[in-house]
Amino acid sequence: MDIADTFYDDMASAYHLIFADWNVTIEQQGKILSALLPPPALAGKVLDCACGIGTQALGLAGRGYQVEGSDLSTAEVERARQEAGQRGLDIPFRSDDMRLLHTSAAGEYGVVLAFDNALPHLDSDEDIAMALAAMYQRLRPGGKLMLSLRDYGPLMEQRPSMMPPAMFMDEGRRRIVHQVWDWQDERRYVVHLYITCQLPGLTWSSSHFTGHYRALTPQELASHASKAGFEQVQILQPAASGYYQPIVAAIRPLA
């Protein structure tokens, strides 16, 4: 199975609508991530290998980091390019598979990122191992790995059928975002993402996007990172990091 199906290609033009205010989110996440990283002069190149439409890449580049972005979705990569250009940011974006990262040079990066629950799109432990090996190889010795994902432990026990809806306001009109989950087995589920927007004249427009996930806990991902050769592996909970998902952080050893 293609790890992203057409989920992100389909929603490239609408992805920003899942946030209350995407521009505010870009700024907030840039601030949070920069506090967890060395300053730009010391960090070296940053590779965001699940860049999507650029949420983290734009935020970090706006704070002076030298960022490159890659993603399996060509449509989202193109959107990210456009967003960077509109903001006057010089960020190379390209299409790539996080399991291979063949467009990124080995040993070139001081930081490799994959945020917003990207790793659970991978459908097996073997895929996870491939992706972590590719990330390890792209980091320079002493470089930092940072991955964020949902806290799937309780969710695998509860197996919820939907996530609570969120409602935002756009110039006085309502926008409702919610997800329906169809569980296929103890880990895999199909997500149905709905974005429903109120239009002028009290009419409504609804968009539906479908994707596939394989649940993975932060503890399991941390264990995979250790097996891949990373050291100083830790799980940063939202209360400690300020980020809305748990972050698995690790270091490629110096030798």
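The values are calculated or read from the model by the stated rules, or taken from the named source; none is laboratory data. Fair warning: this is a prediction, and the values are worked out from it, not measured in the lab. Every residue, glycine as well, gets a Cβ built from its backbone with ideal geometry; the counts of neighbours run over all protein chains shown. Side chains are part of the model used for accessible areas, which takes the heavy atoms of the whole protein and leaves out ligands, DNA and RNA. Shrake-Rupley method; radii C 1.70, N 1.55, O 1.52, S 1.80 Å.
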The one condition in (1) crowded, with 21+ Cβ neighbours inside 10 Å; (2) not in a helix (DSSP H, G or I) that GLY59 fails to fulfil: (2)
Any chance THR196 is farther than 30 Å from ALA105 by Cα, free of Cβ contacts under 8 Å to residues at least 24 places away in the same chain and surrounded by 14 or more Cβ atoms within 10 Å (Cβ to Cβ): yes
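Given the structure, is ILE235 among the β-branched types (Val, Ile, Thr), in contact with a strand residue (DSSP E or B) (Cβ under 7 Å, 6 or more places away or on another chain), without any contact (Cβ under 8 Å) to a residue 60 or more places away in the chain and open to solvent by 30 Å² or more (accessible area, probe 1.4 Å)?
Considered against the rule, which asks whether it is among the β-branched types (Val, Ile, Thr), in contact with a strand residue (DSSP E or B) (Cβ under 7 Å, 6 or more places away or on another chain), without any contact (Cβ under 8 Å) to a residue 60 or more places away in the chain and open to solvent by 30 Å² or more (accessible area, probe 1.4 Å), ILE235 comes out as yes.
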Odd one out for GLU68, checked against (1) under 13 Å from the mean Cα position of the chain (by Cα); (2) over 25 Å from GLN237 (Cβ atoms); (3) among the acidic types (Asp, Glu): (1)
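Taking the stated definitions as given, is GLY52 in a helix (DSSP H, G or I), of a type outside the set (A, V, I, L, M) and crowded, with 16+ Cβ neighbours inside 10 Å? Walk me through how you get there before you give the answer.
Details: in a helix (DSSP H, G or I): no; of a type outside the set (A, V, I, L, M): yes; crowded, with 16+ Cβ neighbours inside 10 Å: yes.
Against the criterion (in a helix (DSSP H, G or I), of a type outside the set (A, V, I, L, M) and crowded, with 16+ Cβ neighbours inside 10 Å), GLY52 does not qualify.
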Filtered residues of the stretch 62-77 (kept if touching a Ser or Thr at 6+ places or on another chain (Cβ under 8 Å) and either outside any helix (DSSP H, G or I) or not aliphatic (A, V, I, L, M) (or both)): ARG63, TYR65, GLU68, SER70, ASP71, LEU72, SER73, THR74
Among residues of the stretch 152-166, those that are under 23 Å from GLN56 (Cα atoms) and surrounded by fewer than 16 Cβ atoms within 10 Å (Cβ to Cβ), counted: 1
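In the stretch 199-225, what residues are hydroxyl-bearing (Ser, Thr, Tyr) and under 26 Å from ALA12 (Cα atoms)?
Taking the stretch 199-225 as the starting set, the residues that turn out to be hydroxyl-bearing (Ser, Thr, Tyr) are 203, 205-207, 210, 213, 217, 223.
If the condition is that a residue be hydroxyl-bearing (Ser, Thr, Tyr) and under 26 Å from ALA12 (Cα atoms), then THR203, SER205, SER206, SER207, THR210, TYR213 are the ones that fit.
Does TYR244 meet the test of being under 18 Å from PHE7 (Cα atoms) and in contact with a Pro (Cβ under 9 Å, 6 or more places away or on another chain)? Reasoning before the result, please.
On the way: under 18 Å from PHE7 (Cα atoms): no; in contact with a Pro (Cβ under 9 Å, 6 or more places away or on another chain): yes.
Taking the combined requirement at face value, the residue does not satisfy it.
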Whichever residue in the stretch 78-113 is of a type in the set (A, V, I, L, M), within 21 Å of MET11 (Cβ to Cβ) and not in a loop (DSSP other than H, G, I, E, B) and, among such residues, is farthest from the chain's Cα centre (by Cα): ALA84
Residues (open to solvent by 50 Å² or more (accessible area, probe 1.4 Å) and assigned to a helix (DSSP H, G or I)) located in the stretch 19-39: ASN23, VAL24, GLU27, GLN28, LYS31, ALA35
Test: residue in the stretch 199-208 that is open to solvent by less than 40 Å² (accessible area, probe 1.4 Å) and in contact (Cβ under 8 Å) with a residue 12 or more places away in the chain: no
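Looking only at the stretch 99-116, count how many residues are open to solvent by 10 Å² or more (accessible area, probe 1.4 Å) and either without any contact (Cβ under 8 Å) to a residue 40 or more places away in the chain or closer than 22 Å to PRO218 by Cβ (or both). It would help to see each step written out before you state the result.
In the first step, residues of the stretch 99-116 are kept if they are open to solvent by 10 Å² or more (accessible area, probe 1.4 Å); the result is 99-100, 102-103, 105-108, 116.
With the extra rule that they be either without any contact (Cβ under 8 Å) to a residue 40 or more places away in the chain or closer than 22 Å to PRO218 by Cβ (or both), the set shrinks to 99-100, 102-103, 105-107, 116.
The qualifying residues number 8.
I'm trying to understand the selection: among the residues of the stretch 62-91, which are of a type in the set (A, V, I, L, M) and open to solvent by 40 Å² or more (accessible area, probe 1.4 Å)? Step through it out loud before you land on a result.
Step one: list which residues in the stretch 62-91 are of a type in the set (A, V, I, L, M), which gives 67, 72, 75, 77, 80, 84, 89, 91.
If the condition is that a residue be of a type in the set (A, V, I, L, M) and open to solvent by 40 Å² or more (accessible area, probe 1.4 Å), then LEU72, LEU89 are the ones that fit.
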